[in-house]
1. Rounding to the nearest 20 debye, state how big the charge dipole of the chain is about its Cα centre with +1 on each Lys and Arg Cβ and -1 on each Asp and Glu Cβ.
2. In whole angstrom, how far apart do the alpha carbon centroids of segment 21-66 and segment 89-109 sit?
3. What number, in percent, do you get for the relative contact order of the chain if the mean sequence gap of Cα pairs under 8 Å and at least 6 apart is divided by its residue count?
4. What list of ³J(HN,Hα) values in whole Hz, one per residue of segment 171-186 in order, does the Karplus curve 6.51 cos²θ - 1.76 cosθ + 1.60 (θ = phi - 60°) give from phi, with Gly and Pro shown as x?
5. Per DSSP helix of 4 or more residues, -39500 (n - 2.57); summed, then divided by the residues of the chain. What does that give at 222 nm, rounded to the nearest 500?
6. For Thr7, Thr22, which order do you get if you count the other beta carbons within 10 Å of each Cβ and list the fewest first?
7. Could you go through segment 76-82 in sequence order and give the Karplus-derived ³J(HN,Hα) for each residue, using 6.51 cos²θ - 1.76 cosθ + 1.60 with θ = phi - 60°, rounded to whole Hz, and x for Gly and Pro?
8. What is the angle, in °, between the Cα long axis of helix 124-134 and the longest principal axis of the Cα atoms in the chain? Nearest 10 is fine, range 0 to 90.
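Taken together, the values in this text are just the output of simple stated rules run on the coordinates, not laboratory data. Please read all numbers here as calculations on a predicted model, not as lab measurements. Every residue, glycine among them, receives a Cβ derived from its backbone with ideal geometry; neighbour counts consider all protein chains shown.
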Amino acid sequence: MENEQRTVRRPWVVAVAGASGTPYAASVLRALIAAGEAVDLVVSRAARLTILDETGISFRDAHWRTDLAAWIGADQDLDDVRYWTAGDFAAGPSSGSYPAKGMLVVPATTGAVAGMALGLSKDLLQRAAAVTLKERRPLVVCLRETPLDSVTLRHLVELDAAGAVVLPASPGFYAGGSTAQELVDFVAGRVLDAVGVPHGLYRRWAGELGAERVARGA
């Protein structure tokens, strides 16, 4: 029994909603795999269209492994990645007894935010989020939308009150990012920081004194 407990697979559920910003999801997935973490992936129907729009890659349920490799990088080891279709309510992450570590929704649409805040289960993304909250597991919601209306703001407050981490896709420029990918990686790194997964996606703030920064012309 002890040996069985040691070998139980405990993945991070990564859900990709249909908002613009699928490169954030790709960066998070690459970093999780590089860190040796197991991943359960859920891609909404709208997200598949967004992936196609933003990358030119068709993400198909029947060919998910090949399409995922093309999306996040063919050199990634996908042996410990499982894919669940958005309409599969019998999927592992739909049950609280499924041993997931937590869930990352990146990017999240306002519709996904509303569904999660209201406790709906219209698809696997919403159901898995409800399970994550009720089981008191980490849930990170990376919203990619601007501006925000009062309805969405109320939903975000509800998610925060329920225990989720609301993490808008807001890149920090102090890390020295000079390319779009570096800014994407900053946000992905903050998502992983929120759940304690180690990574090297961005340069961290070192706490420099103001005088030192002025001396070097910063």
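1. 300 debye
2. 15 Å
3. Working: 363 pairs, mean separation 45.4, N = 218.
Answer for the chain is 21 percent.
4. Once θ is set to phi - 60°, the couplings for segment 171-186 become x, x, 8, 5, 6, x, x, 10, 10, 4, 5, 5, 5, 4, 5, 4 Hz.
5. Taking each H run of at least 4 residues, the total per residue is -12500 deg cm²/dmol.
6. Arranged by neighbour count, lowest to highest, Thr7, Thr22 become Thr7, Thr22.
7. 7, 7, 9, 4, 10, 10, 10
8. Relative to the chain, helix 124-134 is tipped by roughly 80 degrees.
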